Amino acid sequence: MPALEAVQELSPKELEERGERLRNDGIVIRTYDLWKTYIMGDQEIHAVSGVDIEIRRGEYVAIMGPSGSGKSTLMNLIGCLDTPTKGLYYLNGKLASDMEDDELARIRNKEIGFVFQTFNLLARASALHNVELPLIYAGVPSQERAERARTALRSVDLEPRMHHKPNELSGGQRQRVAIARALVNRPSILLADEPTGALDTATGKEIMALFERLHSDGNTIVLVTHEPDIALYAHRVIHIRDGKVELDEETPRPERK
Amino acid sequence: MHSFFQDLKYAVRTLLKRPLFTSVALTSLALGIAVNATVFSWVDRILLRPLPGVINAGEIVALKTVAPNGDLLDSSYLDFKDFQKQATTLSAVIAFKQRPLYLGDVATGERVWSEMVSGNFFDVLGVRPIRGRTFSAEEQNSRPGSPATAVLSETLWRGYFRSDPDILGRKIELNRHPFTVIGIVPSAFQGTVNGLRFDLWVPLTMVSELTGSFYWPDDRNARPLDLMARLKPNTSLKQAQAEVQTIASRLALEYPDTNRYLSAAVMPIADSPAGAQRILGRLLKVLLVIAAAVLLIVCANLGNLLLVRATMRTKEFGIRASLGASPRRIAQQLFTETLVLAVGGTALGLLASAWMVHAVEFFVPPTDLPLANLAHGFHGLDLLFTCALGFLAAIFCGIAPALQLFRHGIQEALREGGRFSSPAARSRILRSGLVVFELSLALFALIGSGLFIRSFQNARNAYPGFEPEGVLLAGIDLSQAHLSKPQRVTFFQRLRDQLTSLPGARSASLSEHVPLGFDNGAWEEIRIEGYIPKAGENMKLWRDIVSPGYFATLKIPLAAGRDFNERDSSASQPVAIVNETFVKRFLPEPPALGRKFLLWDREFTIIGVARDIKYQRLNEGPMPYFYLPLAQAYSSDMGIAVEVRTASRPDTFAEVLRSRIRSADPNVLISVTIPFASFMSASYFAQRVGAHLLTVLGVISLLLAILGLYGVMAYSTTQRTGEIGIRMALGAQPAQVLQLVMREGMGLCLIGIALGLIPSLVLARLAASALYGVGNHDGWIYFAGALILSAAALLATWLPARRAAHIEPTKALHWE
């Protein structure tokens, strides 16, 4: 990896060219000395301190760490939900760390598919409409939108329940709707934050099996978890502690449950 | 009872803990109650208790002579006597006529508005003197020449006579004639013309002594008297109506020369054409409706606030429920809090109202009429009304949260108290409904004010057929001048000549009546040569008596013929000028000039045709009208107005005019000097009051409704923070979030507008008679109302929408 100093000295054009190169090299996520610092009173809290990571297209990576380790903050930065205090972040060749709100929104829409622990579905909308939502913000015409949403639901075996509202679905079904929604815009990465946290063990396994299938279909998956069992489903685990990368290792294969 | 006091203590404590919520709630409630209490106090004074100080005033009715065309006219003294004698459904009838009298001598005297009354006046009205007595049985049957007695108001006694303890039996001078004071009536009694206040009462039979006129009470054709009657117990208005019609028919047969085609009618005082209710009645009803709308907006707002609080307190209610409190018990607690707010709001509202009732005084145009104080303070009924409003407001406001509690249950609230909970979603629908209700009422109030603003503009800019700008008016009273009738006529001529020759005066004239004042003028029954009236046709036409130069001074164009001149004297052939409608209606075959009509047994020849003007009201239709020359038709009991067209601003000419009149005869009293344009504002008094007060109510409604919309949108946005976070995570841009929230707010606004248009159209129809020149072509008022509401709603929605659009997605996703 090139040193941050070297990257920081690059002109905008060179930064753009570097992004281009990263993309051509199949690197979807690349951070250089990424920091997120919060000010609490007169104290500076470094939630993320100088993280350098690289994730390639098609990888299945888990970001793991105990509570308060900074993994959620890192996920927010990777998911473009937040901007770093310092450092550079390339997502699919684009310099996301320099983007304005509107550009970040576009990036989230096009490049990232989120799966949350608590599903985060719109309570008053049907499964179909929930899945259509990213397509609405992408400006997809309604007919195509409905068709693609239906296809996404079919891919998670939920087409028959597409007109149901979240409160008419089980926890596993809700999470599958959320996964369909994350997939519908064909994002560069699927970012899952504790996707089994709100599910029972059996349902959790079902969901992880689904991720496994999605990965084998060629999707890039980043899983954020504090559970080692879940992290083992990934092919690579990045251990975070105190805002820093403690360990970046391949998971032993085929030991997945 | 114990639990109530417990709840009361807890409610006060809870409200004190939330000073912002409590002050917003109390202020808006106080405002709504103050507005309603104020308007109701005016309604009470003008429409419900038009005769303060009168015992069982509900039994008193107005008795009017009815012209064949339905016009309600005053009556003659002899007709009064006949009604008094023959009516069995009426316990008694009274007669009265108002005019100013001069108390004391000219130099130091006081002009006192008085009523010349029938002897039974006080007995019938049930007004008891605080000192002395009212008219005795002997005085009640008095004829000319009987002892001259006077009754004073408490106000006059305390003011002018400085509470003189020896006032009874004291001789006072009224229009230079000695009268003996026999009693003082309480200040609560103000006389019998609604909206006016009189301070002195003398027997009607003293009319000749006081005015120098002939004794018209003996003339059945002289109809200057207002009549009122007291219904007998258990007699309906309908029965009395039937009887007075029968009596009028009998009189028409018995006295065909004077009473043919005339009928009679009784009506509640609130419907009588004499008094403030004629001008303000319809407007007050509109104000009452709009004020009610303001209170409903306040209640909806407060209901919304309480609903939000109740939603936020579901956890607290759940804990209470788990400790054994029933939904009923918790609803009682909620209701007690609302009741405390209502009591506080009512008390504050009453305080504010005591100040607000004076608002109407700002709009009273300059006039020499003795206008009564409409800000009369609060009476039992007003207080009862206000307290009832407060109580109803409490029920209305408290019902929404209590309803929610009962419908969804506390356990459910506790169970689902988190985000996206179903009770929250249900209460959102209720809150949105309340806001739609508020917005529709605000549009209703805005359109109401728009209609009256337009009406006021129309009235103020209306061309009345003459040019009031640049004319100064003065009222003069010759009752103190020692002048015979011919001398008075000569005095008028001399005064006019002197005024015309004054530097700065362009022309001058004198007349009995002035158009577009509070006073309608006088009418006469005439017979027109060559015109055969249709059966029942009203030939009683309004008229004025004017000097030469009147048309030139007021710039009333003459369509044909000539103006009066100095040669039109009592010795010459009687002449008249008629208006165009007179010609169209009675003399359609030209020429009109030279034609004659019969009046007072004299034949008047038409020498000119004047263009129509507005005589009594700006919204009156064309009416036949005629003018007679002052020199030929003057009567000693007439009041006279002087009109001077000036080169400069008329008000700067007032002192010159006054000194010139005084120098012409120091005994001639000047009642008032006022620019015609100001005087004329009486003709659009109701429009002016309406425009101003309704604008205030419209603005209040708008602000409250917008505050309500803002509150709901702000709360709803907060509630939807999580949802907004999800949308942002999925790629919604700030502009799209802004659009999402604004679409919701503006959707509510549009529904409110659609619903508000319906009552607004009904209001326009009901208020049509109080509006001037407002019609179908004024659809823009509705559009403007909707536009103003939309613009304000846009702002109210934009603020929370903007906040939502700038929420950080990470915070929004983790919002609880």
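The values are calculated or read from the model by the stated rules, or taken from the named source; none is laboratory data. Quick caveat, the model's predicted, so the values are computed rather than measured. Virtual Cβ from ideal backbone geometry, glycine too; neighbours counted across all protein chains shown. Protein only, heavy atoms only, side chains kept; ligands, DNA and RNA dropped before computing areas. Shrake-Rupley method; radii C 1.70, N 1.55, O 1.52, S 1.80 Å.
The Stokes-Einstein estimate for segment B:662-816, based on a Kirkwood radius over Cα pairs and taken at 25 °C with 0.890 mPa s viscosity, is a diffusion coefficient of 125 µm²/s. When B:D497, B:D79 are compared by accessible surface with a 1.4 Å probe, the order from highest to lowest is B:D497, B:D79. Sorting A:K165, A:K13, B:K97 by solvent-accessible area of protein heavy atoms yields A:K13, A:K165, B:K97, largest first, with a 1.4 Å probe. Between B:S3 and A:D157, the distance separating the two model label sites (each 7 Å from Cα on the Cα→Cβ line) works out to 5.4 nm. Reducing segment B:320-352 and segment B:428-471 to their Cα centroids gives an inter-centroid distance of 36 Å. Looking at the protein assembly as shown, the accessible area is 42 square angstrom per residue; that uses a 1.4 Å probe and ignores ligands, DNA and RNA.
Segment B:213-243 and segment B:733-786 have Cα centres lying 49 Å from one another. In segment B:708-746, the residues that give up 40 Å² or more of accessible area when the other protein chains are added, compared with the chain on its own (1.4 Å probe), are B:I726, B:R727, B:A729, B:L730, B:G731, B:Q733, B:P734, B:Q736. With 40 Å² as the minimum drop in accessible area between chain alone and full protein complex (1.4 Å probe), the qualifying residues in segment A:110-136 are A:N120, A:L122, A:R124. On chain A, 47 percent of the accessible area sits on carbon and sulfur atoms, based on a 1.4 Å probe. At a threshold of 40 Å², the residues of segment A:74-102 that become less accessible to a 1.4 Å probe in the full protein assembly than in their chain on its own are A:L81, A:D102. Projected label points at B:Q86 and B:Q332, each 7 Å from Cα along the beta carbon direction, are separated by 6.7 nanometres. Charges were assigned to the Cβ only: +1 to each Lys and Arg, -1 to each Asp and Glu. The resulting dipole of segment A:1-149 about its Cα centre is roughly 600 debye. Under 5 Å between amide hydrogens, built in the peptide plane, is the criterion, and for B:Q480 it picks out B:L669 among residues at least 5 positions away or on other chains. Quick one: of B:K171/B:K485; B:K17/B:K285; B:K485/B:K614; B:K485/B:K596; A:K110/A:K205, which pairs are farther than 32 Å apart, Cα to Cα? Checking Cα-Cα distances, B:K17/B:K285 exceed 32 Å. For the pair segment B:622-698 / segment B:1-70, the C-alpha centres are spaced 38 Å from each other. Of the residues B:G119, B:A222, B:V668, the one whose Cα sits farthest toward the positive end of the charge dipole of chain B, with +1 on the Cβ of Lys and Arg and -1 on the Cβ of Asp and Glu, is B:G119. Our summary of shape: the Cα atoms of segment B:479-667 have principal axis extents of 52, 35, 29 Å, ordered from largest down, in whole angstrom. Restricting segment B:116-207 to trypsin sites (Lys or Arg not before Pro) that sit in a DSSP loop and have at most 10 other Cβ atoms within 10 Å of their own Cβ leaves B:R162. The alpha-carbon of B:K232 sits under 15 angstrom from the alpha-carbons of these aspartates and glutamates, leaving out residues fewer than 8 places away in its chain: B:E59, B:D123, B:E243. Annotation note: chymotrypsin sites (Phe, Trp or Tyr not before Pro) in segment B:674-714 located in DSSP loop regions with a Cβ neighbour count of at most 16 within 10 Å are absent. Only beta bridges with both residues in the protein assembly as shown are counted; by DSSP, about 70 percent of them are antiparallel. Amide H neighbours of B:S635 under 5 Å, counting only residues 5+ apart in sequence or on other chains, H built in-plane at 1.01 Å? Residues meeting the criterion, in which the H sits 1.01 Å from N, do not exist here.
Of the solvent-accessible surface of segment B:725-791, computed with a 1.4 Å probe and all protein chains present, 73% belongs to carbon and sulfur.
For chain A, the longest principal axis of the alpha carbon atoms and the long axis of helix A:171-183 meet at an angle near 60°. Each helix, a run of at least 4 DSSP H residues, gives -39500 (n - 2.57); summed and divided by the residues of chain A, these come to -11000 deg cm²/dmol at 222 nm.
If a spin label sat at a point 7 angstrom from the Cα of B:L750 along the line to its beta carbon, the backbone N atoms of segment B:430-473 nearer than 17 Å would be those of B:433, B:436-437, B:439-440.
Here the spin labels are modelled as points 7 Å beyond Cα on the Cα-Cβ line, and at B:A559 and B:L766 they lie 4.0 nm apart. Across the protein assembly as shown the C-alpha pair distances fall into 20 Å bins from zero in the proportions 11, 29, 24, 16, 14, 8, 0 percent. Over segment B:60-274, the hull volume per residue, using the convex hull of the C-alpha atoms, is 122 Å³. Only the Cβ atoms of Lys and Arg (+1) and of Asp and Glu (-1) were treated as charged; on that basis the dipole of chain B about its Cα centre amounts to roughly 2800 debye. For the residues B:S678, B:S118, a 1.4 Å probe over the protein chains yields an accessible-area ranking, largest first, of B:S678, B:S118. Counting only heavy atoms of the protein chains and using a 1.4 Å probe, B:K584 has close to 150 Å² of accessible surface. A DSSP coil position with no more than 11 other Cβ atoms inside 10 Å describes none of the trypsin sites (Lys or Arg not before Pro) in segment B:682-729.
Listed by number, the DSSP H helices of chain B that run 30 Å or longer by alpha-carbon position along their axis and have mean Kyte hydropathy of at least 1.6 are B:276-312. Calculated from the alpha-carbon coordinates, chain B shows an Rg and a Dmax of 32.9, 104 Å respectively. For A:E100 and A:D248, what does the FRET efficiency come to when R0 = 35 Å and r is the distance between their Cβ atoms, rounded to the nearest 0.05? That pair, A:E100 with A:D248, gives E of 0.65.
For chain A, the longest principal axis of the alpha carbon atoms and the long axis of helix A:101-111 meet at an angle near 60°. Remark: segment B:60-274 carries a charge dipole of roughly 340 debye about the Cα centre, counting +1 on each Lys and Arg Cβ and -1 on each Asp and Glu Cβ. Each listed q (0.14, 0.32, 0.33 Å⁻¹) maps to a log10 I(q)/I(0) for segment B:66-112, found by the Debye formula over equal Cα scatterers with no solvent: -0.59, -1.10, -1.12.
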